[in-house]
Each structure stands twice: as structure tokens, then as C-alpha cells.
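Before any comments, here is the structure.
The values are calculated or read from the model by the stated rules, or taken from the named source; none is laboratory data. Because the structure is predicted, anything quoted here is derived from the model rather than measured. Using ideal geometry, Cβ is built from the backbone for each residue, glycine included, and neighbour counts are taken over all protein chains shown.
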Amino acid sequence: MMLTLGFSPCPNDTFIFDALVNHRFDTAGLEFKVMLEDVQTLNDWANQGKLDVSKISYGNLPNVLGQYVLLNSGGALGKGVGPLLITRQDGMSLDNLNECVVAIPGEHTTANLLFTMAFPEARRKKFMVFHQVEEAVLRGDVDAGVIIHENRFTYQQRGLVKLLDLGETWEKRTGVPIPLGGIVAKRALPAAVARQVNALIRRSLEYAFGKYPFISDYVKQHSQEMDETVMRQHIDLYVNHYSLDLGDEGRKAVQTLLGVMGGSTGDVFLADAS
């Protein structure tokens, strides 16, 4: 059976899915047509129901629950992993942020959700692909930007400064980890197939953990010329025990996020996914 599978080219995703998509083990009859795209594109595709299995932002989860169910493995969730609001050394301050132009890495992303929760009156948002945010701030095209992924490890080297850790704001408000991105599967798939996909993703990550700190050529190939130290920082930050298994605490965090967004907290998770 062939399934379409979408995830980002970032090291955390390629690290998780490498063994699965590159046939490091027997997938018991399942094959995957892989689409590597930025998370905003994946969010848009999920809204259209385009792929069978896909990475999405948790901020977009309420929009897709009619068509998709959340898998237990493969996602990014944790503490101290949230997006950062940054500006130039001579940039603005939080006092006048509502009047400033702020670059956001995608409209349906968790980053946008957390920014909006922290600054509900900020209206001058400029949406762009995540790796464009730093440059936009440096050029002065925007007053500030919300950064995610590897930019968390490089912004200071480029003379940018942190205004606020949006993840800390979330954790102080809710007391639960930050759900950043999850893996969803089409509800139209047979339940046994969805459970098999979940098990294969977990096995793929267990395989990667077994080789770590080795970085495979597949991860390097898609990492936008990132240095290996940054790749490992990226993996260490975003891939953890919640990526193997959401568990009770992870599910509580997802339900908390859905509750904050005003979405349904029922019939979200794949049954018997562990």
C-alpha cells in the first residue's frame, strides 16, 4: 500500500523519518511517497486534505481534525522549545510592539498562535517562510520577528537580540509543555493502517536514537548547509521522549492548547496508538 507522507526538511523531522523512508527496516507492505516542504505549506495541504500522513503545526490542528487524527509518535513537544521574538540591537522594545511590523513564520503555525496569545493587539504581522524571518529583521523590512528551528541557535551570531521567549510565556500560563508540531493521518485510512504507520514512525526514531550522535547523509542533505553542531542542537531540542510517545502529559498539553484555541478536545488522538 502506498501512502503520501509530508514532513519538513529540518533536522528534527529528517532524523525521525530517515530510517522509515530510506528502508532501514521492513515496513510490512507499506510504502511512502515523500514530500518535503516547509511547515506552512504542509499546514495548507492538510487543510485541503492533500496527504495521507503529514507533519503539521499544532496551531493548525483544530482546522484539520475533521479529516485527520493525531498520531502518538513523531511530533515536537517539550519545555524550553518555544519560538523566540527577536529584533536588531537598535530595534524596538516590547512597550511599542503593537505598532510594529512583526515577521511571523506562517499564518497557521504554533508560532503565530503563541505570539497572538502574548500580544493579542498586535495586528501588523507579515507572514513568511521561517528561514526568511532573520533576514527580514536584519534588513529592516520588519521591526521584529518570531524565529523557530535552527534560527534559535544562530540569531545572536548575527547581531540580533531576544525580546521574549514565547514558550516561557506559554509554560507560565498553562504549566504544560509546548505542543509545536504533530503527525496526523487521514481518518479515511483503515485504523489498522494508521496504527501501523504510528508504530513505524516510532521504530524509525528508535533506530535513529540507536545511532545518535551519528548524523546521517539524509539529514545533512536537507539541512540547508547547517553545521553539524547546529544539527545536533536542533535534534537535541526538538526530538525527545514526547517524539517517541506523547504519553499522558503530552496529550494533556495538546488538549490544553485546543482548549485555549476554543477547539474540541474530543476524538483527537489515534486510539490504541501506543
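General remarks:
- Boolean, V260 is in contact with a Lys or Arg (Cβ under 9 Å, 6 or more places away or on another chain), in a loop (DSSP other than H, G, I, E, B) and either within 22 Å of V146 (Cβ to Cβ) or of a type in the set (V, I, T) (or both): no
- Subset tally (residues that are over 19 Å from V39 (Cα atoms) and in contact (Cβ under 8 Å) with a residue 24 or more places away in the chain) for the stretch 75-101: 15
- With respect to the conditions (1) within 27 Å of L258 (Cβ to Cβ); (2) outside any strand (DSSP E or B); (3) touching a residue at least 60 places away in the same chain (Cβ under 8 Å), G145 lacks only one, and its number is (2).
Conditions (1) over 19 Å from the mean Cα position of the chain (by Cα); (2) β-branched (V, I, T), marked per residue:
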residue: L166; (1), (2): no, no
residue: K172; (1), (2): yes, no
residue: A192; (1), (2): yes, no
residue: N198; (1), (2): no, no
residue: I201; (1), (2): no, yes
residue: K211; (1), (2): yes, no
residue: Q221; (1), (2): yes, no
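- When residues of the stretch 22-51 are limited to those that are free of Cβ contacts under 8 Å to residues at least 40 places away in the same chain and of a type in the set (A, V, I, L, M, F, W, C), the one nearest to V197 (Cα to Cα): F32
- Annotation: of all residues in the stretch 106-121 being farther than 17 Å from I178 by Cα and buried (at least 18 other Cβ atoms within 10 Å of the Cβ), the one that is nearest to the chain's Cα centre (by Cα) is G106.
- Boolean, T174 is closer than 18 Å to L258 by Cα, surrounded by fewer than 21 Cβ atoms within 10 Å (Cβ to Cβ) and either free of Cβ contacts under 8 Å to residues at least 24 places away in the same chain or in contact with a Pro (Cβ under 7 Å, 6 or more places away or on another chain) (or both): no
- Members of the stretch 217-235 found to be surrounded by fewer than 17 Cβ atoms within 10 Å (Cβ to Cβ) and of a type in the set (S, T, N, Q), listed by number: Q221, Q224, T229
- Only residues that are closer than 11 Å to I104 by Cα and of a type in the set (F, W, Y) were counted in the stretch 117-143, giving 2.
- Checking R187 against (1) in contact with a strand residue (DSSP E or B) (Cβ under 6 Å, 6 or more places away or on another chain); (2) modelled with pLDDT under 95, the condition it does not meet: (2)
- Of all the criteria given as (1) closer than 27 Å to T27 by Cβ; (2) surrounded by fewer than 19 Cβ atoms within 10 Å (Cβ to Cβ), the one not satisfied by E168 is (1).
- Exactly one residue out of V81, V102 is under 22 Å from the mean Cα position of the chain (by Cα) and either acidic (D, E) or at pLDDT 95 or above (or both): that is V102.
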